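**Q** Right, I'll just put the structure down here and ask away after.
The values are calculated or read from the model by the stated rules, or taken from the named source; none is laboratory data. Keep in mind it's a predicted model, so treat the numbers as computed, not measured. Glycine gets a Cβ as well: all are built from the backbone with ideal geometry, and neighbour counts include every protein chain shown.
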Amino acid sequence: HQYRVERFGRERVVLTDTDAGYRERLRARFAHRANVAVRELSLPDIPDGLVAERFDTIVCLNVLEHIEDDRAALAALRGLLAPGGRLVLVVPAVPFLYGTLDRALGHYRRYTRSLLRERYAEAGLAAPRLEYFNLAGLLGWWLAARVLRRETIPPGWLRVYDTLVPLFRLEWLLPWRIGQSLIAICERPRE
């Protein structure tokens, strides 16, 4: 993560999490970076320390599905964006895949394109880009969560997945898209 944060080239980076232990690990890891702050954020509630903030970019990776009121969470995130700011959302897709693994991870839902589009539009966000990705993950998730009814992914499966990652870049060449996840790059309109 450190390499990625340094690559952002941002004046200021705010990292958030709900878990106190994870926030402490983030603080330790980025203690040498004066431009990196670590804050608690439990959407849809925005803590006092962030209420007045406005960000040009918010990256929300596999978070929205853990929040019961995703509409309120998206509205709160929109409120943190500066006009013209972007919200990058990655969420689990394909509701048919919802199973034991999702429940064990605390997921309330998996999204379709239309459901995610409806949610960010209700929050007053536009998304010129909304795509499925991770075709290979779709098959693995289906097998683990729906067929084998596992509550965790066996470590060996992750090693196999990691070795196949270079092949996954080819999925963008397919004329149609489906995958385990959706990515939306949303924008708050300039006012």
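**Q** Is the stretch 163-179 home to any residue that is of a type in the set (Asp, Glu), in contact (Cβ under 8 Å) with a residue 24 or more places away in the chain, touching a Leu at 6+ places or on another chain (Cβ under 6 Å) and surrounded by fewer than 19 Cβ atoms within 10 Å (Cβ to Cβ)?
**A** Yes: one or more hits.
**Q** Another question, if that's okay. Could you count how many residues in the stretch 52-86 are hydrophobic (A, V, I, L, M, F, W, C), in contact with a helix residue (DSSP H, G or I) (Cβ under 8 Å, 6 or more places away or on another chain) and farther than 20 Å from Leu182 by Cα?
**A** 2
**Q** Next question, about the same structure. Scan the stretch 60-98 for residues that are part of a helix (DSSP H, G or I) and either on the phi > 0 side of the Ramachandran plot or in contact with a Ser or Thr (Cβ under 7 Å, 6 or more places away or on another chain) (or both) and jot them down.
**A** Passing the criteria: only Pro95.
**Q** Within the stretch 43-59, identify whether any single residue is at pLDDT 95 or above, assigned to a helix (DSSP H, G or I), at negative phi and surrounded by fewer than 19 Cβ atoms within 10 Å (Cβ to Cβ), and answer yes or no.
**A** Scanning the stretch 43-59, I find no residue that is at pLDDT 95 or above, assigned to a helix (DSSP H, G or I), at negative phi and surrounded by fewer than 19 Cβ atoms within 10 Å (Cβ to Cβ), so the answer is no.
**Q** Sort out for me the helices (runs of 4 or more DSSP H) sitting completely within the stretch 99-150 that have 1 or more residues that are touching a residue at least 12 places away in the same chain (Cβ under 8 Å), among the hydroxyl-bearing types (Ser, Thr, Tyr) and surrounded by fewer than 17 Cβ atoms within 10 Å (Cβ to Cβ).
**A** The qualifying helices (runs of 4 or more DSSP H) are 100-104.
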